[in-house]
Amino acid sequence: MNTSQQLPDDFVQLCQSVTAKRPKAVIDHILQYGFITTEDLKETYGYNHPPRAARDVREHGIPLETFRVTGSDGRKIAAYRFGDVSKARFSRFSGRTGLSKQIKDELIRRYGCKCFIYLEEVSKSELQIDHRVPFEVDGEPDLEPENFMLLCGSANRAKSWSCEHCENWIGVKDKSICLSCYWAYPENYAHIAMRQVRRVDLLWEGDDVEIYERLKQRASGIEKEISVFVKEIIEREIGSDGDG
């Protein structure tokens, strides 16, 4: 059984640095008992999506491995325990919160207090530092601000899911592929997780909300999703320019 006494001090320190409620609950349970089951997550902590809770832990740079145990009803269920602690991400931040704060502050100074993916203003406490190129592809980068990005929790989860299902993450491990990916540089990219996809995230706020509501009403009137309707408007506009 894994216990905190059997783990390297710097790894335990990294675990204890996590303050977000859901991953902290998982980490503290594993530190105390050696592992946590999906049953524990649902019954003890009220988390009905155990894989999401495990992903939250991994997003903090703490490796987990999944194995099977017997649940209270006699059926096999999933459980999580710490994986190879030598693969812990952000290990160079461990015990160096001042350094991570400097990088976060510098990124905010350069780009504003906003998510790099969704471009929305987010409170500083809700922004998370993430590698532009995943640790699993290129290892730990130099601790320079340009090697990192600030993401809100939602964007970080979306990036993690997309990266983990990308062939480059799974087997290719080519840094240059990541550098031309939307998830590393959304302002200038050639693909999204090796797929020929392009995306635009639109935000209406303030007085513009009225425009959104009118678009939504008009799209509903012709029984189309608003995203489809907006794309058709853009395509017509581009087509009319070409005709001129």
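The values are calculated or read from the model by the stated rules, or taken from the named source; none is laboratory data. Note that this is a predicted model, so its numbers are computed, not measured. Positions of Cβ are backbone-derived with ideal geometry, glycine not excepted, and every protein chain shown enters the neighbour counts. Accessible surface is based on the protein model in full, side chains and every heavy atom, while ligands, DNA and RNA are left aside. Shrake-Rupley method; radii C 1.70, N 1.55, O 1.52, S 1.80 Å.
Solvent-accessible surface of the stretch 9-87, taken per residue with a 1.4 Å probe and all protein chains present: 54 Å². Dipole orientation for the stretch 9-87: of the candidates LEU31, GLY61, LEU41, LEU41 has the Cα lying most toward the positive pole (charges on Cβ; Lys, Arg +1; Asp, Glu -1). Between the beta carbons of GLU167 and ASP201, assuming R0 = 22 Å, the FRET efficiency works out to 0.35 to the nearest 0.05.
Counting heavy atoms of the protein chains alone, SER220 has an accessible area of about 80 Å² for a 1.4 Å probe. Each of VAL209, TYR182, HIS165 was scored by the projection of its Cα onto the charge dipole of the chain, and the greatest displacement toward the positive side belongs to HIS165; charges sit on the C-beta of Lys, Arg, Asp and Glu. Taking amide H as placed 1.01 Å from N in the peptide plane, the amide H of THR66 sits under 5 Å from none that are at least 5 places away or on another chain. Helical runs (DSSP H, four residues minimum) scored at -39500 (n - 2.57) apiece and divided by the length of the chain put the mean residue ellipticity at 222 nm at -12500 deg cm²/dmol.
Under 5 Å between amide hydrogens, built in the peptide plane, is the criterion, and for HIS191 it picks out TYR182 among residues at least 5 positions away or on other chains. A Förster radius of 35 Å, combined with the Cβ-Cβ distance separating GLU237 from PHE135, puts the computed FRET efficiency at roughly 0.25.
Once fully extended, how much extra length lies between SER86 and ILE192, figured as 0.36 nm per residue of separation less the alpha-carbon to alpha-carbon distance? Display every interim value, and only then the final one.
Details: separation 106, 0.36 × 106 = 38.16 nm, distance 2.93 nm.
Roughly 35.2 nm would be gained on extension.
When the listed pairs LYS24/LYS216; LYS76/LYS175; LYS24/LYS101; LYS114/LYS231 are checked against a 30 Å cut-off, the alpha-carbon distance exceeds it for LYS24/LYS216; LYS76/LYS175. These residues, GLU232, GLU43, go from largest to smallest accessible area, 1.4 Å probe, as GLU43, GLU232.
Averaged per residue, what accessible area in Å² does the stretch 98-180 show with a 1.4 Å probe, protein chains only?
For the stretch 98-180, the solvent-accessible area averages 49 Å² per residue.
Provide the FRET efficiency to the nearest 0.05 for the THR44-LYS124 pair, computing r from the beta carbons and using R0 = 25 Å. Could the numbers behind the result be given before it?
On the way: r = 32 Å, r/R0 = 1.27.
E between THR44 and LYS124, to the nearest 0.05, is 0.20.
With the cut-off at under 17 Å, measuring from each backbone N in the stretch 24-46 to a point 7 Å along the Cα-to-Cβ line of LYS76 picks out 37-39.
The simple spin-label model puts a point 7 Å past each Cα toward its Cβ; for GLU144 and SER227 those points are separated by 3.6 nm. In the chain, the portion of solvent-accessible area held by carbon and sulfur atoms comes to 48 percent [1.4 Å probe, whole percent, DNA, RNA and ligands not counted].
Length available on full extension from ARG110 to GLN32: 0.36 nm per residue minus the Cα-Cα distance, which gives 24.0 nm. Counting only heavy atoms of the protein chains and using a 1.4 Å probe, PHE229 has close to 20 Å² of accessible surface.
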